[in-house]
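Novice: Before anything else, here's the structure in question.
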Amino acid sequence: MDFRDDVDLDASQVEDVGGGGGFPGGGGLMVGGGVVGVIVLVVAALFFGVNPAALLGGGDGGAQRPAAPGSDLGAQCRKGSDADQSEKCRVVGVVNSVQAYWREAFTERGKGAYRNARTILFTGGVNTGCGQASSSVGPFYCPADSRVYLDLGFFTDLESRFGAKGGPFAQAYVIAHEYGHHVQNLIGTSRRVGNDRQGAESASVRLELQADCYAGVWAKHAVETGFYAAPFTAADIQEALDAAAAVGDDRIQQRTQGRVDPEGWTHGSAAQRVKWFTTGYQTGSPSRCDTFSGAI
């Protein structure tokens, strides 16, 4: 996963707020509890409007912590060579590429104008348009303010807590998944979930698997966006597949509860997540990501 050294990065698409930053709390629904959902309790909290930080002992989601200073990503992240050297600049590069793909895809498919979503990097806790959240809930997309929220410490957790091998493309998969939720919000798919929020065949699971598929579609076309020096390698794609499997509901339940209960699923099994990312990557077509029709 090598960025073109001379490509210009648009750091305005990513904001680093440090600790306790973000936007005033409000209504709305955090989609999916991120790519992971961490544990069923947290995912249920997100779906039913409960502050997940309180359930995890985080109180007000970290708002009482002294705010850590953010950083000026515009000064740090100017070129693709910066993205190859810095984790935060790599996030900028991935976000730029993902949104460049979806802008083109919307135009080609007559979906209207794609609207950029900013990624907010935070530490510990953050205030969002969907309310306050702790980093314990993992990455997530808030449709109320059209922003992706990410604590970079999650990538360490992905390896240490969930058993993923990690790597730069595992990180890219996580980000692309969250932007899949932004696409769903723009075209209205998110509204199909309604109250069908839990269970192996639920609309929630179908929404999450579609976001995995969208991440695979971007991966197929990423080099065409001009940000990468070459197509992703088999090793890169394996990092994404490994991460997708590691955060399957069945694996998380087995690790945290010692048993698998499909009635509690909100994101899909390891096999399903791998299947739908692969579907997106092999076909390169968003239209092949229809997880709402038929078996998943």
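Novice: For residues that are charged (D, E, K, R) and within 15 Å of Thr278 (Cα to Cα), scanning just the range 238-255, find the one that is surrounded by the fewest Cβ atoms within 10 Å (Cβ to Cβ).
Specialist: Asp242
Novice: Here's something else I'd like to know. Could you identify the single residue in Ser146, Ser160, Ser81 that is at pLDDT 95 or above and out of contact with any helix residue (DSSP H, G or I) (no Cβ under 8 Å at 6 or more places or on another chain)?
Specialist: Ser81
Novice: State yes or no: is Gly264 open to solvent by less than 20 Å² (accessible area, probe 1.4 Å) and under 18 Å from Ala211 (Cβ atoms)?
Specialist: Against the criterion (open to solvent by less than 20 Å² (accessible area, probe 1.4 Å) and under 18 Å from Ala211 (Cβ atoms)), Gly264 does not qualify.
Novice: Given Ala203, Ala211, which one is surrounded by 21 or more Cβ atoms within 10 Å (Cβ to Cβ) and either under 12 Å from the mean Cα position of the chain (by Cα) or not aromatic (Phe, Trp, Tyr) (or both)?
Specialist: Ala211
Novice: A follow-up question, please. Out of (1) in contact with a helix residue (DSSP H, G or I) (Cβ under 8 Å, 6 or more places away or on another chain); (2) within 24 Å of Phe162 (Cα to Cα); (3) modelled with pLDDT of 95 or more, what's the single condition that is false for Tyr228?
Specialist: The one condition Tyr228 does not meet is (2).
Novice: Among the residues of the range 106-116, is any open to solvent by 40 Å² or more (accessible area, probe 1.4 Å), at pLDDT 95 or above, within 30 Å of Asp6 (Cβ to Cβ) and not in a helix (DSSP H, G or I)?
Specialist: Scanning the range 106-116, I find at least one residue that is open to solvent by 40 Å² or more (accessible area, probe 1.4 Å), at pLDDT 95 or above, within 30 Å of Asp6 (Cβ to Cβ) and not in a helix (DSSP H, G or I), so the answer is yes.
Novice: I would also like to ask the following. Please find, within the range 124-139, the residue that is surrounded by the most Cβ atoms within 10 Å (Cβ to Cβ) out of those that are of a type outside the set (Gly, Ala, Ser) and touching a helix residue (DSSP H, G or I) at 6+ places or on another chain (Cβ under 7 Å).
Specialist: Taking the candidates together, the pick is Val137.
Novice: Mind checking which residues of the range 146-188 are buried (at least 19 other Cβ atoms within 10 Å of the Cβ) and among the acidic types (Asp, Glu)?
Specialist: Asp151, Glu178
Novice: Another question, then. Taking Val260 and the conditions (1) in contact with an Asp or Glu (Cβ under 8 Å, 6 or more places away or on another chain); (2) in a helix (DSSP H, G or I), which numbered condition does it fall short on, given that it satisfies the others?
Specialist: (2)
The values are calculated or read from the model by the stated rules, or taken from the named source; none is laboratory data. These figures come from a predicted structure and were not determined experimentally. For neighbour counting, all protein chains shown are included, and Cβ atoms are generated from backbone atoms with ideal geometry for every residue, glycine included. Side chains are part of the model used for accessible areas, which takes the heavy atoms of the whole protein and leaves out ligands, DNA and RNA. Shrake-Rupley method; radii C 1.70, N 1.55, O 1.52, S 1.80 Å.
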